[in-house]
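Structure first, then comments.
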Amino acid sequence: MTPTAGGAPTTKPLPAAPRDYRFPRFERRTLSNGVQLLVASVPKLPLTTVLAIVEAGASVEPEGQHGVAALTARLLLEGAAGVDGAAQAERFESIGASVESQADWDVATVSLTALSHRLPEALALVRDLLRWPTFPEREVQRLKEQRLADLLQQLAEPRGLADERFANAAYAPTARYASPEEGDAASVRALTRLDIEAFYAARYQPAGTTLIFAGDVSMDVAETLATSLFGDWTGHRPKAAPRGVDAAQPGRLVRVIAKADASQSELRIGHAGIPRNAPDYFDVMVMNAVLGGLFSSRINLNLREVHGYTYGASSAFEWRRGAGPFVVQTAVKSDVTGAAVQEILNEIDRMRSAPIDEDELTLATSYLDGVFPIRYETTAAIARALANLVIHGLPENYYDVYRSRVRAVSTGGVLRAAQDHLHPDELRVVVVGDPAVVAAPVAKVTGIAPEIMSGHGGEVTR
Amino acid sequence: MHIPIETFELTNGLSVVLSTDHTAPIVAVNLWYHVGSANERPGRTGFAHLFEHMLFQGSANVGSNEHFELVQRAGGTLNGSTWLDRTNYFETVPSNQLELALWLEANRMGYLLPAMTQQKLDTQRDVVQNERRWSMDNQPYGTWWERLPALAFPEGHPFHHSLIGSMRDLDAASLDDIATFFSTYYTPDNAVLSIAGDFEAAATRSMVERHFGAIPRGSGKPPLADMTLAPTFGCALREVVSDDVMLPRLFIAFRSPVLGTDEYFAASVTSAVLGLKKGSRLQRVLVREQQIAAEAAAFTYDLSKGSDLLVVDVTARPETSAAALEAAVHAELDHLVADGVTAAEVARAIALIETELTVALQSAGDRADKLSMFATYFGDPGLVNVQAERYRAVTEERVNAYIRTHLVPDNRASLLYVPREPVHAPLQDDLAMAEPP
């Protein structure tokens, strides 16, 4: 590389020698009551993140109680150990500690971030809410109303509505994944304080709880704290998760969710995917990066940079213990909806019909390999990575071998992954948009007359 | 918390800020250009942001889709953003790829125009118009982004008009506009380059000189219109928007002192007292106790020129009417003005802010962006190291003095969203099955 006369260098500089990087070291311990500890000591800043991972996600909810996992998790912050929710919030916040509590499909998570010198006090408050929540009737009712308000809002919010209607289309009606993670209006309205207490009693158990520490804390300090706060917590081992959360719906299906006069169509195209512990996970991840996982992926370059149909388009496998969805998502100007659907269907077919170029493979693998250290700059990101080890039972050396596993993916592996896990005949095409504008073009490109539905779930016409 | 800072200036006027941290082999490159939507000329709203998109379309030595691809192939992340008075471009890359990031940034700062074509402009215009639909037109309450500044800043003020721009003005943008905007504003003397992370300072300095040194200084930019305004609105302002939303939502903007002043810190603490997390005043009273609101928040825009805005944002519960929402929020504000806040509320707010300031210093990208901000607005990136101190110096008295002068009824600009068709008893048992009328 030589500078031109009076100008800046005109050719791309070559990289210098890379410096080694290792994912932060971590250690495990188990308390005598079964509470597990994972600790990554990363003393860069005086800050620690703690995640309490509990086997209490939506996938283990009793039949007919959809939403009880999310509601139970949220209610942990609304009263515990004789202190009401307002006072509880005040105790965390007055020491600058940030705490959140939520449930996803697989687990419930309480997350805490605090300056290190506040950690003992803050963790004692987390102990209170995990072990002695009170679920006051008033707060149960208030958070139920809150969820119903969110559901109401969603009817006017195309992105959330498209996500929900897509999930509903991708799974068999009996599958838990077919209905919203936090429950629908009917299921939420039916939940009682007794349901919440029963779910808590069954699922919030020391033997189903993992405490993850990442940040300015040593294993010894973490263990001493955990033992003093959680060591005398007794209970039973929670039962394993039931089956049937992820049964797929066979065949193609096309739905338009009516939003009259919409200036854009929100599109979701995909089907039920595969579980996180699939043996060809790395092949699938790289395949998806080429298809729609990166800015420079086929789908985004096609829809955005070639056609200008959208501000962005992407694809993803959502990784859960069960078979989470594979979905392409974008929002396109209403009058190009049919053309955009056609381009997406073409890209899915192209992925399965011929191997990708070596150049496309190395773009994806060198990105995933190179970006690895950038993903773990924060205590929250390191803690989240360790949580994934726990939730999905990944090998202990997973983050040490991640980059070499990525680099080992071949064009043949990518083609196999596309052929095994992309199913053109099973695609669900869900459009939230103006039926008057989009129904006919979508019917033309998919070969199926769409069901026209209201945002509430009812069918308007066929 | 004290992060190391070294600064220098190239002869062409480019300000450079370096901050080393060798804990991981990562480096962030961040460029702030001191130009935003405030600098747009009449009839060209949205141009600064459209221009930002064009900076990812290649330059003299970089192909059309190459900018994103080269950074991603190197294992880096990247983006850009446009604000009222600045535009930034940034990438975080493995530290051995630092020179690639500098080369890409220098190439588009120095040699953008040969790569600009009508076709690229037309495509990015479509992309940006879709961004407008996605973020504003097809999103409930989405238009607050342009309605609130339009209400809070007078006609003709540089912050009054839409940042994303009108469809008509976007349609009118031409390649000539690109060339003029580029030569006026995208010059080294109108930019700050910050580099944070794992690098060697002396070698990096010569690398910066090699890549950016030959880019000519600009010939000056036209001054912004006078942004001086009275310290408060002087009367209540109010706009009601009937929109495709399910629940009423009220934004109230208060005119407020600019970023960096002592009064700004009091305003920022006030916003945390009002709306940061569950223990904040509005969440405690309106969401938990009165159960009138589903959500409540407050924040400052952090504007550094003329005047800033503090904003309160409250969404109604389904059974709360727009009128009841508005009355309850104003009643709580009146109560604050009359009785003030407590020392405990101020201490809570400052404790949370202090943790947030530390959290925000973890990533190289966030560090570099903060350094660029302080260098661009105040000529002193070292201000990043005194923020916590300045927050800690805020007292209950200062917060209450701010509240008495700025949260008063004649300094409130209300933007109220109401559902287009009234929603009656929306949570009856037929919600899940109901058909639209």
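Out of region A:140-158, which residues are surrounded by fewer than 22 Cβ atoms within 10 Å (Cβ to Cβ) and either polar (S, T, N, Q) or touching a strand residue (DSSP E or B) at 6+ places or on another chain (Cβ under 6 Å) (or both)?
A:Q141, A:Q146, A:Q153, A:Q154
Do we have A:L155 as in contact (Cβ under 8 Å) with a residue 60 or more places away in the chain, touching a Leu at 6+ places or on another chain (Cβ under 8 Å) and within 9 Å of chain B (Cβ to nearest Cβ) here?
Working: in contact (Cβ under 8 Å) with a residue 60 or more places away in the chain: yes; touching a Leu at 6+ places or on another chain (Cβ under 8 Å): yes; within 9 Å of chain B (Cβ to nearest Cβ): yes.
The answer is yes for A:L155.
Can you name every residue in region A:1-15 that is at pLDDT 90 or above and open to solvent by 90 Å² or more (accessible area, probe 1.4 Å)?
Of everything in region A:1-15, those that are at pLDDT 90 or above and open to solvent by 90 Å² or more (accessible area, probe 1.4 Å) turn out to be A:K12, A:L14.
Exactly one of (1) free of Cβ contacts under 8 Å to residues at least 40 places away in the same chain; (2) under 28 Å from B:N130 (Cβ atoms); (3) polar (S, T, N, Q) is unmet by A:S353. Its number?
With (1) free of Cβ contacts under 8 Å to residues at least 40 places away in the same chain; (2) under 28 Å from B:N130 (Cβ atoms); (3) polar (S, T, N, Q) applied to A:S353, the lone miss is (2).
Anything in region A:425-462 that is within 24 Å of the chain's Cα centre (by Cα), crowded, with 19+ Cβ neighbours inside 10 Å and at pLDDT 95 or above? List them, or say none.
Passing the criteria: A:L427, A:R428, A:V429, A:V430, A:V431, A:V432.
Exactly one condition in (1) crowded, with 21+ Cβ neighbours inside 10 Å; (2) in contact (Cβ under 8 Å) with a residue 12 or more places away in the chain is false for A:G370; which is it?
The single condition A:G370 does not satisfy is (2).
Does at least one position in region B:29-45 carry a residue that is within 10 Å of chain A (Cβ to nearest Cβ), buried (at least 19 other Cβ atoms within 10 Å of the Cβ) and not in a loop (DSSP other than H, G, I, E, B)? Spell out how you get there, then give the answer.
So the first thing to find is which residues in region B:29-45 are within 10 Å of chain A (Cβ to nearest Cβ), and the list is none.
No, the conditions are met nowhere in region B:29-45.
I'd like to verify a number: residues in region A:314-341 that are part of a strand (DSSP E or B), within 17 Å of B:T123 (Cα to Cα) and either open to solvent by 10 Å² or more (accessible area, probe 1.4 Å) or among the charged types (D, E, K, R) (or both), how many?
1
Only residues that are surrounded by fewer than 21 Cβ atoms within 10 Å (Cβ to Cβ) and either within 14 Å of another protein chain (Cβ to nearest Cβ) or not in a loop (DSSP other than H, G, I, E, B) (or both): list them for region A:179-195, please.
Taking region A:179-195 first, the residues surrounded by fewer than 21 Cβ atoms within 10 Å (Cβ to Cβ) are A:179, A:181, A:184, A:186-187, A:189-190, A:192-195.
The answer is A:S179, A:D184, A:A186, A:S187, A:R189, A:A190, A:R193, A:L194, A:D195.
What is the number of the single condition among (1) without any contact (Cβ under 8 Å) to a residue 60 or more places away in the chain; (2) in a helix (DSSP H, G or I); (3) not polar (S, T, N, Q) that A:P279 does not meet?
Condition (2) is where A:P279 drops out.
Looking at region A:142-161 only, could you name the residues that are charged (D, E, K, R) and assigned to a helix (DSSP H, G or I)? Show your work before the answer.
So in region A:142-161, the residues charged (D, E, K, R) come out as A:142, A:144-145, A:147, A:150, A:157, A:159.
Within region A:142-161, A:R142, A:K144, A:E145, A:R147, A:D150, A:R159 meet the criteria.
Among the candidates A:A80, A:A86, which residue alone is farther than 30 Å from A:K239 by Cβ and assigned by TED's automatic domain parsing to the domain that holds A:Q141?
Numbers: A:A80 fails: farther than 30 Å from A:K239 by Cβ.
Only one candidate qualifies: A:A86.
To keep it simple, each residue is scored yes or no on (1) at the interface with chain B (Cβ under 8 Å from one of its Cβ atoms); (2) among the acidic types (D, E); (3) in contact (Cβ under 8 Å) with a residue 12 or more places away in the chain.
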{"residue": "A:P133", "(1), (2), (3)": "no, no, yes"}
{"residue": "A:P136", "(1), (2), (3)": "no, no, yes"}
{"residue": "A:E139", "(1), (2), (3)": "no, yes, yes"}
{"residue": "A:E145", "(1), (2), (3)": "yes, yes, no"}
{"residue": "A:L151", "(1), (2), (3)": "yes, no, yes"}
{"residue": "A:E164", "(1), (2), (3)": "no, yes, yes"}
{"residue": "A:A170", "(1), (2), (3)": "no, no, yes"}
{"residue": "A:A175", "(1), (2), (3)": "no, no, yes"}
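In region B:81-124, how many are buried (at least 24 other Cβ atoms within 10 Å of the Cβ), small (G, A, S) and over 22 Å from A:N300 (Cβ atoms)?
Residues meeting the conditions: 1.
Could you check, for region A:238-246, whether at least one of its residues is modelled with pLDDT under 95, crowded, with 23+ Cβ neighbours inside 10 Å and outside any strand (DSSP E or B)? Spell out how you get there, then give the answer.
In the first step, residues of region A:238-246 are kept if they are modelled with pLDDT under 95; the result is A:238-246.
From what is left, the residues that are crowded, with 23+ Cβ neighbours inside 10 Å are A:245-246.
Filter once more, keeping what is outside any strand (DSSP E or B): A:245-246.
Yes, region A:238-246 contains at least one residue that is modelled with pLDDT under 95, crowded, with 23+ Cβ neighbours inside 10 Å and outside any strand (DSSP E or B).
In region B:48-79, which residue that is open to solvent by less than 10 Å² (accessible area, probe 1.4 Å) and touching a Phe, Trp or Tyr at 6+ places or on another chain (Cβ under 7 Å) is farthest from the other protein chains (Cβ to nearest Cβ)?
The selected residue is B:F51.
Consider region A:349-360. How many of its residues are surrounded by fewer than 24 Cβ atoms within 10 Å (Cβ to Cβ) and aliphatic (A, V, I, L, M)?
Here is the first cut: in region A:349-360, the ones surrounded by fewer than 24 Cβ atoms within 10 Å (Cβ to Cβ) are A:349-350, A:352-360.
Next, from what is left, pick out any that are aliphatic (A, V, I, L, M): A:354, A:356.
The qualifying residues number 2.
Does A:V328 satisfy the condition of being more than 14 Å from chain B (Cβ to nearest Cβ) and not aromatic (F, W, Y)? Full working, then the answer.
Values: more than 14 Å from chain B (Cβ to nearest Cβ): yes; not aromatic (F, W, Y): yes.
The answer is yes for A:V328.
On the given criteria, is B:L175 buried (at least 20 other Cβ atoms within 10 Å of the Cβ), more than 20 Å from B:L84 (Cα to Cα) and not assigned by TED's automatic domain parsing to the domain that holds B:D244? Give the steps one after another, and end with the answer.
On the way: buried (at least 20 other Cβ atoms within 10 Å of the Cβ): no; more than 20 Å from B:L84 (Cα to Cα): yes; not assigned by TED's automatic domain parsing to the domain that holds B:D244: yes.
Taking the combined requirement at face value, the residue does not satisfy it.
I'd like the full set of residues that are hydrophobic (A, V, I, L, M, F, W, C), under 21 Å from B:Y301 (Cβ atoms) and at the interface with chain A (Cβ under 10 Å from one of its Cβ atoms), limited to region B:87-146.
Just the residues of region B:87-146 that are hydrophobic (A, V, I, L, M, F, W, C), to begin with: B:90, B:93, B:98, B:100-104, B:106, B:109, B:112-113, B:115-116, B:121, B:127-128, B:134, B:136, B:144-145.
Restricting the remaining residues to those that are under 21 Å from B:Y301 (Cβ atoms) gives B:90, B:136, B:144-145.
Residue satisfying the conditions is B:M136 alone.
Note down all Cβ pairs under 6 Å where the first residue falls in region A:9-33 and is at the interface with chain B (Cβ under 10 Å from one of its Cβ atoms) and without any contact (Cβ under 8 Å) to a residue 40 or more places away in the chain, the second is part of a loop (DSSP other than H, G, I, E, B) and aliphatic (A, V, I, L, M), and they're at least six residues apart or on different chains.
Close Cβ pairs satisfying both conditions: A:P9/A:M1; A:T11/A:M1; A:P13/A:M1.
Checking A:V336 against (1) more than 9 Å from every other protein chain (Cβ to nearest Cβ); (2) of a type outside the set (D, E, K, R); (3) within 14 Å of A:L415 (Cβ to Cβ), which single condition isn't satisfied?
(3)
Filter region A:81-103 for residues that are outside any helix (DSSP H, G or I), open to solvent by less than 40 Å² (accessible area, probe 1.4 Å) and farther than 25 Å from A:L45 by Cα; which is nearest to the other protein chains (Cβ to nearest Cβ)? Walk me through it before giving the result.
Pass one, region A:81-103, residues outside any helix (DSSP H, G or I): A:81-84, A:95-103.
From what is left, the residues that are open to solvent by less than 40 Å² (accessible area, probe 1.4 Å) are A:83, A:95-99, A:101, A:103.
Imposing the further condition that a residue be farther than 25 Å from A:L45 by Cα reduces the set to A:83, A:103.
Numbers: A:V83: 13, A:A103: 18 Å.
Looking at the filtered set, the residue picked out is A:V83.
When you look at A:E63, is it charged (D, E, K, R), in contact (Cβ under 8 Å) with a residue 12 or more places away in the chain and more than 13 Å from chain B (Cβ to nearest Cβ), yes or no?
Values: charged (D, E, K, R): yes; in contact (Cβ under 8 Å) with a residue 12 or more places away in the chain: no; more than 13 Å from chain B (Cβ to nearest Cβ): yes.
It is false that A:E63 is charged (D, E, K, R), in contact (Cβ under 8 Å) with a residue 12 or more places away in the chain and more than 13 Å from chain B (Cβ to nearest Cβ).
So, A:P18, is that one open to solvent by 10 Å² or more (accessible area, probe 1.4 Å), out of contact with any Phe, Trp or Tyr (no Cβ under 7 Å at 6 or more places or on another chain), outside the structural domain of A:G215 (by TED's automatic domain parsing) and at pLDDT below 95 or not?
Details: open to solvent by 10 Å² or more (accessible area, probe 1.4 Å): yes; out of contact with any Phe, Trp or Tyr (no Cβ under 7 Å at 6 or more places or on another chain): yes; outside the structural domain of A:G215 (by TED's automatic domain parsing): yes; at pLDDT below 95: yes.
Considered against the rule, which asks whether it is open to solvent by 10 Å² or more (accessible area, probe 1.4 Å), out of contact with any Phe, Trp or Tyr (no Cβ under 7 Å at 6 or more places or on another chain), outside the structural domain of A:G215 (by TED's automatic domain parsing) and at pLDDT below 95, A:P18 comes out as yes.
Taking the conditions exactly as written (in a helix (DSSP H, G or I) and either in contact with an Asp or Glu (Cβ under 6 Å, 6 or more places away or on another chain) or within 11 Å of chain B (Cβ to nearest Cβ) (or both)), does A:L363 satisfy them or not? Explain how you work it out, then say what you get.
Details: in a helix (DSSP H, G or I): yes; either in contact with an Asp or Glu (Cβ under 6 Å, 6 or more places away or on another chain) or within 11 Å of chain B (Cβ to nearest Cβ) (or both): yes.
Judged against the criteria, A:L363 is a match.
Run down B:T355, B:T342 and say which single residue is crowded, with 19+ Cβ neighbours inside 10 Å and at negative phi.
Just one listed residue meets the conditions, B:T355.
The values are calculated or read from the model by the stated rules, or taken from the named source; none is laboratory data. Please read these numbers as outputs of a predicted model, since none were measured by experiment. Cβ atoms come from the backbone with ideal geometry, glycine included; neighbour counts cover every protein chain shown. Quick note on the areas: whole protein, heavy atoms, side chains included, nothing else; ligands and nucleic acids left out. Shrake-Rupley method; radii C 1.70, N 1.55, O 1.52, S 1.80 Å.
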